[in-house]
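This report refers to the structure that appears directly beneath it.
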Amino acid sequence: MPIPLLDLRAQYASLKDEIRPAIDAVLESGHYALGPAVEAFEKDFAAYCGVAHCVGLNSGTAAIALLLQAHGIGPGDEVITAANSFFASAEGISEIGAVPVLADCDPETALIDPASVERAITPKTKAILAVHLYGQPADMEALRAITKPRGLLLLEDAAQAQGSLLRGKRAGGLADGACFSFYPGKNLGAYGEAGAICTPDPDIAARVRMLREHGSAKKYHHDVVGWNERMDALQGAVLGVKLRHLEHWNAARRAHAETYRKLLPAAAKPIAQADGTDTNRHLFVIRVPERDRVLAALNAQGIGAAIHYPVPIHLQPAYAGRWKTGDFPRAEKLAGEILSLPLYAEMTEEQVEEVCGALGTALA
Ligand SMILES: *Cc1c(COP(=O)(O)O)cnc(C)c1O
């Protein structure tokens, strides 16, 4: 039997009886954009993350753009983020006319490297958008030591980190604000597009609410040119149901990751976990020799291994001319070595064992 990277249908099968009534209630309510289902989810998710405010949006990318804009960041301002992230970490910065500046990663944890961040600071720097890559929280203490004396904002790209912890505190509440994605493949995923920001600041929350709704706080009165980035009511209802299962799903992912760690062949090195971090195991990423050959061998056996991400942001054609090969050597080296193995809550121990067996054969 093939083993996919992620099996969203297995999750739906386990939730069907809870999800259908929640969806029906929205359909019958006549309220399809924002509304009570979204408000209830915002409240629950803020409480879960341990922050005062959550604002529901249409995507994680919108969360990045609107949170930065709400903080007054715009054209000419520089925001530092990770070279080895999903493209949207930089894209959200570019969308508001600000300038993404990249930092290299730690070679062991693959997380944004504070020393590289510090070197990237210029007089135009306004914020650091730390990425909790693969779900593992970035080194927020070291980053705070950099931002605090300079009066810079420290924000989280927590798109992959729903439920992750750093020294017992949940991602989303580790800095001056956080961006979440609820894209279907994330640990907490909608049945469509969705995202949110979390913030301790009521004025920032109000500003994002205004920006997401055409720059208007009062219907048909537009204070600024905003966006249409409201969360759908259906997604709010789905996320409200799924949030109640997140801890249990994350625990199952952590258990599978432990099994992987025990059974992996010696040549496969898992990405290191830093002290004090408790990742939600969004992705289980290893480094292997001859990665492309190993990936092809696994895929040929029906194992849905994949690469997150094959091309670092600085080498994407969208930013051609801005950077060159060699600018972020650690990110480039990792991109040639990493491999994500199948991981989802509904997976069985036997499937984890099967992946490890196939990996052993491929590496032999
Ligand atoms: C998924 C993701 C995003 C973007 O989220 P969308 O909802 O797809 O717009 C941003 N940053 C990271 C690190 C992500 O993984």
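Search the stretch 277-317 for residues being small (Gly, Ala, Ser) and surrounded by fewer than 14 Cβ atoms within 10 Å (Cβ to Cβ), and hand back the single one that is nearest to residue 332 (Cα to Cα).
Residues of the stretch 277-317 that are small (Gly, Ala, Ser), as a first pass: 296-297, 300, 302, 304-306.
With surrounded by fewer than 14 Cβ atoms within 10 Å (Cβ to Cβ) added as a condition, the list becomes 296, 300, 302.
On the way: 296: 20, 300: 26, 302: 28 Å.
Filtering the stretch 277-317 for residues that are small (Gly, Ala, Ser) and surrounded by fewer than 14 Cβ atoms within 10 Å (Cβ to Cβ), the one nearest to residue 332 (Cα to Cα) comes out as 296.
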Provide a single number: the residues in the stretch 217-263 that are closer than 21 Å to residue 7 by Cβ and not charged (D, E, K, R). 18
Which numbered condition residue 151 misses (of (1) surrounded by fewer than 24 Cβ atoms within 10 Å (Cβ to Cβ); (2) touching a residue at least 60 places away in the same chain (Cβ under 8 Å); (3) more than 17 Å from residue 179 (Cα to Cα)): (2)
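Tell me the residue from 197, 128, 146 that is outside any helix (DSSP H, G or I), of a type outside the set (Lys, Arg), over 18 Å from residue 51 (Cα atoms) and away from the ligand (no atom under 11 Å from the Cβ), please.
None of the other options fit; the residue is 128.
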Which count do you get for residues in the stretch 37-63 that are in contact (Cβ under 8 Å) with a residue 24 or more places away in the chain, surrounded by fewer than 20 Cβ atoms within 10 Å (Cβ to Cβ) and not acidic (Asp, Glu)? 3
Counting only residues that are under 23 Å from residue 240 (Cβ atoms) and without any contact (Cβ under 8 Å) to a residue 60 or more places away in the chain, the stretch 165-190 contains a total of 2
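Determine, yes or no, whether residue 293 is part of a helix (DSSP H, G or I), in contact (Cβ under 8 Å) with a residue 40 or more places away in the chain, within 20 Å of residue 363 (Cα to Cα) and more than 22 Å from the chain's Cα centre (by Cα).
Working: part of a helix (DSSP H, G or I): yes; in contact (Cβ under 8 Å) with a residue 40 or more places away in the chain: yes; within 20 Å of residue 363 (Cα to Cα): yes; more than 22 Å from the chain's Cα centre (by Cα): yes.
So residue 293 fits the description; yes.
Yes or no, residue by residue, for (1) within 16 Å of the ligand (Cβ to nearest atom); (2) of a type in the set (S, T, N, Q); (3) under 22 Å from residue 214 (Cα atoms); (4) touching a Cys at 6+ places or on another chain (Cβ under 6 Å):
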position: 20; (1), (2), (3), (4): no, no, no, no
position: 28; (1), (2), (3), (4): no, no, no, no
position: 32; (1), (2), (3), (4): no, no, yes, no
position: 37; (1), (2), (3), (4): no, no, yes, no
position: 50; (1), (2), (3), (4): no, no, no, no
position: 57; (1), (2), (3), (4): yes, no, yes, no
Residue by residue through the stretch 169-194, note down the ones that are within 8 Å of the ligand (Cβ to nearest atom), not polar (S, T, N, Q) and not in a loop (DSSP other than H, G, I, E, B). 179
I'd like to know if the stretch 237-258 contains one or more residues that are without any contact (Cβ under 8 Å) to a residue 12 or more places away in the chain and over 18 Å from residue 49 (Cα atoms). yes
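Values quoted throughout were computed directly from the atomic coordinates according to the rules given, and no laboratory measurement underlies them. No experiment lies behind these values; they were computed from the predicted model shown. Please note: Cβ atoms are built from the backbone with ideal geometry, for glycine as well, and neighbour counts cover all protein chains shown.
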